[in-house]
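*Asks:* Sharing a structure here in structure tokens format.
The values are calculated or read from the model by the stated rules, or taken from the named source; none is laboratory data. Everything numeric here is computed off the predicted structure, so don't read it as measured data. Here Cβ is always computed from backbone atoms with ideal geometry, including for glycine, and neighbour counts include all displayed protein chains. With ligands, DNA and RNA removed, areas are computed over all heavy atoms of the protein, side chains included. Shrake-Rupley method; radii C 1.70, N 1.55, O 1.52, S 1.80 Å.
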Amino acid sequence: MSGSLVIAGLGPGGVALITPEVQRALDEATDIVGYIPYVARVADRQGLTKHASDNRVELDRSRHALEMAAEGRRVVVVSSGDPGVFAMASAVFEAVEAGPRDWRDLDIRVLPGITAMLAAAARVGAPLGHDFCAINLSDNLKPWEVIETRLRLAVEADFACAFYNPRSRARPEAFGRVLEVLGEICEAERLIVFARAVSTPEEAIRVVPLAEAQPDMADMRTVVIVGSSATRLIPREGAPWVYTPRSVPS
Ligand code: SAH
């Protein structure tokens, strides 16, 4: 039997947001590899072995998945959201590039998923309807100075921004610093969306002006969207719509 390695995105949490293509790969897998809470989202069944590992062991996990695929197994590496967005697809390719030459001949496929910022944007309207930028605020794999420079330049360029990993256990104070930088560049009314656990039973969405944004409004399950200067509210009964118009006046 020839093995395969699929790197699949499970979406933000809700089962309705798993693509049929990803579901098929899960149904055909012999082995599921990934971070503990994501592997737990895949139903047990006969013939399926689950290999759950802790965070921050992405390269070991990738090598293990590649070794099993080379042995002829049908391996699916799972990520939340999209596997190419701050997730396992790059880790697998880092392992492929550094690994034995024959790993390059394996049947490897990346199956997209709905990434957190798109699920969050859809809940509130269309805040990412014009140019936008996605930034991972975790300083696990890059220096904090790089994060701050990119944040500053993106906001100065007037991109709407989506922030992943806004508040890590290791550096809970960092998101406060992000809000300070935003305060130096943006007006107090700038719209901020805190979207927590989108598409799960714990979902909570909050839209506030920058002046009211607090560091503890974000946690590790929150994606934060900062509007551009053009992002607007449409007030109505209940939660307002938030959207960014498609054009910038010349
Ligand atoms: N590959 C994932 C991102 C992994 S990084 C994706 O494409 O969505 C983990 C970060 O994603 C979290 O810290 C949070 O910022 C965001 N995230 C993941 N799932 C989320 C959800 N259901 N609701 C809100 N944010 C989520």
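*Asks:* Would you call Ala174 more than 18 Å from the chain's Cα centre (by Cα) and away from the ligand (no atom under 13 Å from the Cβ)?
*Replies:* Numbers: more than 18 Å from the chain's Cα centre (by Cα): yes; away from the ligand (no atom under 13 Å from the Cβ): no.
In short, no.
*Asks:* If a residue has to be open to solvent by 40 Å² or more (accessible area, probe 1.4 Å), within 15 Å of the ligand (Cβ to nearest atom) and over 15 Å from Leu5 (Cα atoms) to count, how many in segment 86-104 make the cut?
*Replies:* 1
*Asks:* Would you call Ile108 of a type outside the set (Lys, Arg), in contact with a Gly (Cβ under 6 Å, 6 or more places away or on another chain) and not in a helix (DSSP H, G or I)? Please lay out each step first, then the result.
*Replies:* Details: of a type outside the set (Lys, Arg): yes; in contact with a Gly (Cβ under 6 Å, 6 or more places away or on another chain): no; not in a helix (DSSP H, G or I): yes.
When the stated conditions are applied, Ile108 does not pass them.
*Asks:* Additional query: Would a scan of segment 185-199 turn up a residue that is more than 16 Å from the ligand (Cβ to nearest atom), small (Gly, Ala, Ser), exposed (fewer than 13 other Cβ atoms within 10 Å of the Cβ) and more than 23 Å from the chain's Cα centre (by Cα)?
*Replies:* At the first step, the residues of segment 185-199 found to be more than 16 Å from the ligand (Cβ to nearest atom) are 185-191.
With the extra rule that they be small (Gly, Ala, Ser), the set shrinks to 188.
Narrowing further to those that are exposed (fewer than 13 other Cβ atoms within 10 Å of the Cβ): 188.
Remaining after also requiring more than 23 Å from the chain's Cα centre (by Cα): 188.
Yes: segment 185-199 contains one or more residues that are more than 16 Å from the ligand (Cβ to nearest atom), small (Gly, Ala, Ser), exposed (fewer than 13 other Cβ atoms within 10 Å of the Cβ) and more than 23 Å from the chain's Cα centre (by Cα).
*Asks:* Shifting gears a bit: Within the set of pairs 6 or more residues apart or between chains, which connect a residue that is among the charged types (D, E, K, R) and open to solvent by 40 Å² or more (accessible area, probe 1.4 Å) inside segment 126-141 to a residue that is at pLDDT 95 or above and in a loop (DSSP other than H, G, I, E, B) with Cβ atoms less than 8 Å apart?
*Replies:* Asp131/Phe159; Asp131/Ser228
*Asks:* Give just the number: which of (1) within 15 Å of the ligand (Cβ to nearest atom); (2) at pLDDT below 95; (3) more than 20 Å from Gly11 (Cβ to Cβ) does Pro143 not satisfy?
*Replies:* Tallying (1) within 15 Å of the ligand (Cβ to nearest atom); (2) at pLDDT below 95; (3) more than 20 Å from Gly11 (Cβ to Cβ), Pro143 fails exactly one: (1).
*Asks:* Still on this structure, please answer the following. What are the residues in segment 165-197 that are touching a Gly at 6+ places or on another chain (Cβ under 7 Å), aliphatic (A, V, I, L, M) and under 13 Å from Ile225 (Cα atoms), if any? Break it down stepwise before answering.
*Replies:* Taking segment 165-197 and keeping what is touching a Gly at 6+ places or on another chain (Cβ under 7 Å), we get 190-191, 197.
Within this subset, residues satisfying the condition of being aliphatic (A, V, I, L, M) are 191, 197.
Within segment 165-197, just Leu191 meets the criteria.
*Asks:* Return the residues of segment 53-85 that are surrounded by fewer than 16 Cβ atoms within 10 Å (Cβ to Cβ) and not in a loop (DSSP other than H, G, I, E, B); say none if nothing qualifies.
*Replies:* Here is the first cut: in segment 53-85, the residues surrounded by fewer than 16 Cβ atoms within 10 Å (Cβ to Cβ) are 53-57, 59-60, 71-72.
Once the filter is applied, which keeps residues that are surrounded by fewer than 16 Cβ atoms within 10 Å (Cβ to Cβ) and not in a loop (DSSP other than H, G, I, E, B), segment 53-85 yields Ser53, Leu59, Asp60.
*Asks:* Could you please find all residues in segment 1-46 being in a loop (DSSP other than H, G, I, E, B) and open to solvent by 60 Å² or more (accessible area, probe 1.4 Å)? Outline the logic, then answer.
*Replies:* Quick first cut of segment 1-46, residues in a loop (DSSP other than H, G, I, E, B) only: 1-3, 10, 12-14, 18-19, 29-30, 40-46.
Across segment 1-46, the qualifying residues are Met1, Ser2, Ala40, Arg41, Ala43, Asp44, Arg45, Gln46.
*Asks:* Got at least one residue in segment 115-130 being at positive phi and more than 14 Å from the chain's Cα centre (by Cα)?
*Replies:* At the first step, the residues of segment 115-130 found to be at positive phi are 125.
Filter again for more than 14 Å from the chain's Cα centre (by Cα), leaving 125.
Yes: segment 115-130 contains one or more residues that are at positive phi and more than 14 Å from the chain's Cα centre (by Cα).
*Asks:* So, in segment 155-171, of the ones that are within 16 Å of the ligand (Cβ to nearest atom) and of a type in the set (D, E, K, R), which residue ends up nearest to Ala120 (Cα to Cα)?
*Replies:* Looking only at segment 155-171, we keep the residues that are within 16 Å of the ligand (Cβ to nearest atom), and these are 160-171.
Those left that are additionally of a type in the set (D, E, K, R): 167, 169, 171.
Numbers: Arg167: 17, Arg169: 22, Arg171: 24 Å.
Filtering segment 155-171 for residues that are within 16 Å of the ligand (Cβ to nearest atom) and of a type in the set (D, E, K, R), the one nearest to Ala120 (Cα to Cα) comes out as Arg167.
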